[in-house]
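**Student:** Quick one: structure below, then a few questions.
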Amino acid sequence: MKKINKIIGLGLSLLFMLVGCDQFEEINTNPDTVTQASASMVSTNVILANIKFNGRDAHAYLQPNALSKYLGYANQSQMDQQYNKIGGGGFGSMTILPNIDKMVEYATGTTMENSYRGLAKFSRSYMFYQLTMQMGDIPYSETNMAATGNYRPKYDTQEAVFIGILNELKEADAFFAKGVAFAGDPTPYNGDPNKWRRASNAFALKVLMSLSKKSEVASLDVKNRFAAIVNGGFLLESNTGFLGLNYSTTNMHPLSGTNDLFTSRTDISSLLIDNLKNLNDRRLFYVADPAAAKIAGGLAETDMNAYVGADVAMDYNNLTSEHLKGNFSLINSRYLKEAASEPRMMVTYAEQQLILAEARILGWISTSTAKDYYESGVKSALAAMMATKASYAHGRAIDQAYINGYFTGEAAFKATTADQLKQIWMQRYILNFMQDAESSYFEYRRNNYPPFPVNPTTNLNENNPNGMPMRWLYPSSETNYNRENLIEALNRQYDGYDEVNKLMWLLK
């Protein structure tokens, strides 16, 4: 028996010597399993890292809506964001960078290379934009260099970061222009490079408009960059669709199925409701349910007077008391009941057109008219609501006839520049409800409009009880791991003090 085992062992040894380890692994590889990542596989994660809501739960999903004064809460305890307390930001989103590099590496030499390179440039720009808008100066040029031994990247000035973002978006446009349909895209664009190119340019317009206070800074060249993109002609069209994600029974809306003590006690703010009423805007019926007390008092759910918003700056105990009396409108129940109450739309034709309307007023472009841009943007926003189940519209569903007659009264384009800008800003504010709510906070900082309710007796912004905070703090981990560069950035921007009321370069 020992002799037989010895012969078998010798035979196996000879087999290893003959075929080599690599061939042996090949022989034992299951042809039905994936053994190496591909550009398409990595691209899916890259896109989702930016576009998908990646928070932990429904509570986290609602927080930016609270900060931007869309919502109020009558839960077991108050939500800090509703009362203007924001803490440290995070650099966790930078973990996308190695994946972006791998995606490009796997795509190099393939027919889809240009498309994936375009996606890489867009994805970097989108991520860095969010971070610099939150905190100011951030690591940019020295990020993702750990492989070369740089574990402590310097902080680039916000001006330099924006120049980099804009340049990368320009590169994204060029790559997508040469691209072909690519695999791995979970958005409705389904890898169409033409649509991605248009979305990249629309996002570039958004970045440029956020720089309106710096439009005369030569290094940024805001006005010429903006005009060049518009004149280039590759922008979102009314039928391009949105860059975002469709929700479904397998990818449910973050609030779906959360009709618990917390989400069922979510009140719509008076800021949103009163402005929708002022515009005679039927989106009111899609975002809110009527106040129970008003229905009990005899008003119909089709009556705008049955909808009452909460003063989200009021004392929490008083808010809870009024809520329990049924005096406020709750968030529309569709958000809690439907897996796909509405898609997640992060770059849209509607917002693009409203940005173009503002640019036309500012004199950055000479194409079309501000009125036409304004109306096309609002029409697109209204039309998007028509995809929502009419059964949730409380008998006041939006249809084409309503859209055609929308621009009357307060919704009609105003006569003065100041009023026109406020109209445009308000429409962007309405558009971002339950979508990109953080952008509404950024817009408030830029324009101080719409006026957010602030109550000094309830405001958790301790160092400025009469105002909103202006930024997130830097991640606390930077104190331990990148202290020298952090201190340099704080000295350069904020007098050496990391504080939420300090003004970043963008806002000065």
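**Student:** Hey, among the residues in the range 38-82 that are of a type in the set (Phe, Trp, Tyr) and surrounded by 20 or more Cβ atoms within 10 Å (Cβ to Cβ), which one's farthest from residue 101 (Cα to Cα)?
**Tutor:** Per the criteria, the residue is 73.
**Student:** Report every pair of residues separated by at least 6 positions or lying on different chains whose Cβ atoms are under 7 Å apart, first residue within the range 75-89 and more than 18 Å from residue 331 (Cβ to Cβ) and not assigned by TED's automatic domain parsing to the domain that holds residue 314, second among the aromatic types (Phe, Trp, Tyr) and buried (at least 20 other Cβ atoms within 10 Å of the Cβ).
**Tutor:** Correct list of pairs: 88/474; 89/474.
**Student:** With the condition being touching a His at 6+ places or on another chain (Cβ under 9 Å) and surrounded by 15 or more Cβ atoms within 10 Å (Cβ to Cβ), I'd like the helices (runs of 4 or more DSSP H) fully within the range 329-421 carrying at least 1 qualifying residues.
**Tutor:** Qualifying helices (runs of 4 or more DSSP H): 334-337.
**Student:** Next question. If we keep just the residues of the range 241-279 that are part of a loop (DSSP other than H, G, I, E, B) and over 26 Å from residue 347 (Cα atoms), which is modelled with the lowest pLDDT?
**Tutor:** 261
**Student:** Moving to a separate point now. So residue 100 ticks every box in (1) touching a strand residue (DSSP E or B) at 6+ places or on another chain (Cβ under 6 Å); (2) closer than 29 Å to residue 481 by Cα but one. Which box is left unticked?
**Tutor:** (1)
**Student:** Residue 326 is checked against (1) closer than 21 Å to residue 433 by Cβ; (2) of a type outside the set (Asp, Glu); (3) in a loop (DSSP other than H, G, I, E, B) and fails just one. What number does that condition carry?
**Tutor:** (1)
**Student:** Test of understanding: among 274, 281, which residue is touching a Gly at 6+ places or on another chain (Cβ under 9 Å) and among the charged types (D, E, K, R)?
**Tutor:** Answer to the selection: 274.
**Student:** Ok, one more. Working only within the range 198-231, note down all residues that are of a type in the set (Ser, Thr, Tyr) and either more than 15 Å from residue 352 (Cβ to Cβ) or over 16 Å from the mean Cα position of the chain (by Cα) (or both).
**Tutor:** Just the residues of the range 198-231 that are of a type in the set (Ser, Thr, Tyr), to begin with: 200, 210, 212, 215, 219.
Answer for the range 198-231, where residues must be of a type in the set (Ser, Thr, Tyr) and either more than 15 Å from residue 352 (Cβ to Cβ) or over 16 Å from the mean Cα position of the chain (by Cα) (or both): 212, 215, 219.
**Student:** Please specify each residue of the range 301-320 satisfying the condition of being of a type in the set (Ser, Thr, Tyr) and crowded, with 16+ Cβ neighbours inside 10 Å.
**Tutor:** Listed by number, the residues that qualify are 307, 316, 320.
**Student:** For a quick check of your reading of the model, give me the residue pairs whose first member lies in the range 144-167 and is over 18 Å from residue 100 (Cα atoms), whose second is part of a helix (DSSP H, G or I) and acidic (Asp, Glu), with beta-carbon atoms closer than 9 Å and at least 6 apart or on different chains.
**Tutor:** Hits for this filter: 152/484; 154/488; 155/488.
**Student:** Return the residues of the range 279-300 that are within 32 Å of the chain's Cα centre (by Cα) and surrounded by fewer than 16 Cβ atoms within 10 Å (Cβ to Cβ); say none if nothing qualifies.
**Tutor:** 280
**Student:** If you scan the range 429-486, which residues turn out to be surrounded by 19 or more Cβ atoms within 10 Å (Cβ to Cβ), over 21 Å from residue 60 (Cβ atoms) and hydroxyl-bearing (Ser, Thr, Tyr)?
**Tutor:** 429, 458, listed by residue number.
**Student:** Just to verify a result, which residue in the range 105-143, among those that are outside any helix (DSSP H, G or I) and in contact (Cβ under 8 Å) with a residue 40 or more places away in the chain, is nearest to residue 172 (Cα to Cα)?
**Tutor:** Across the range 105-143, the extreme among qualifying residues is 112.
**Student:** Take residue 313 and tell me if it is within 28 Å of the chain's Cα centre (by Cα) and either in a loop (DSSP other than H, G, I, E, B) or aliphatic (A, V, I, L, M) (or both).
**Tutor:** Here the answer is yes, as residue 313 does meet what is asked.
**Student:** While we're here: Which of the residues that make up the range 257-278 are buried (at least 20 other Cβ atoms within 10 Å of the Cβ) and over 12 Å from residue 331 (Cβ atoms)?
**Tutor:** 270, 271, 276
**Student:** Within the range 491-504, identify whether any single residue is surrounded by fewer than 18 Cβ atoms within 10 Å (Cβ to Cβ), at pLDDT 95 or above and outside any loop (DSSP other than H, G, I, E, B), and answer yes or no.
**Tutor:** Yes, the range 491-504 has at least one match.
**Student:** Read through the list (1) over 28 Å from residue 351 (Cβ atoms); (2) assigned to a helix (DSSP H, G or I), then give the number of the only condition that residue 459 fails.
**Tutor:** Residue 459 satisfies all of (1) over 28 Å from residue 351 (Cβ atoms); (2) assigned to a helix (DSSP H, G or I) except (2).
**Student:** With 178, 195 as the choices, which residue is modelled with pLDDT of 95 or more, more than 27 Å from residue 139 (Cβ to Cβ) and crowded, with 21+ Cβ neighbours inside 10 Å? So that I can check it myself, show each step before the final result.
**Tutor:** On the way: 178 fails: crowded, with 21+ Cβ neighbours inside 10 Å.
Only one candidate passes the filter, namely 195.
The values are calculated or read from the model by the stated rules, or taken from the named source; none is laboratory data. Everything numeric in this text was worked out from a predicted model, so none of it was measured. Heads up, the Cβs are rebuilt from the backbone with ideal geometry, glycines too, and the neighbour counts pull from every protein chain shown.
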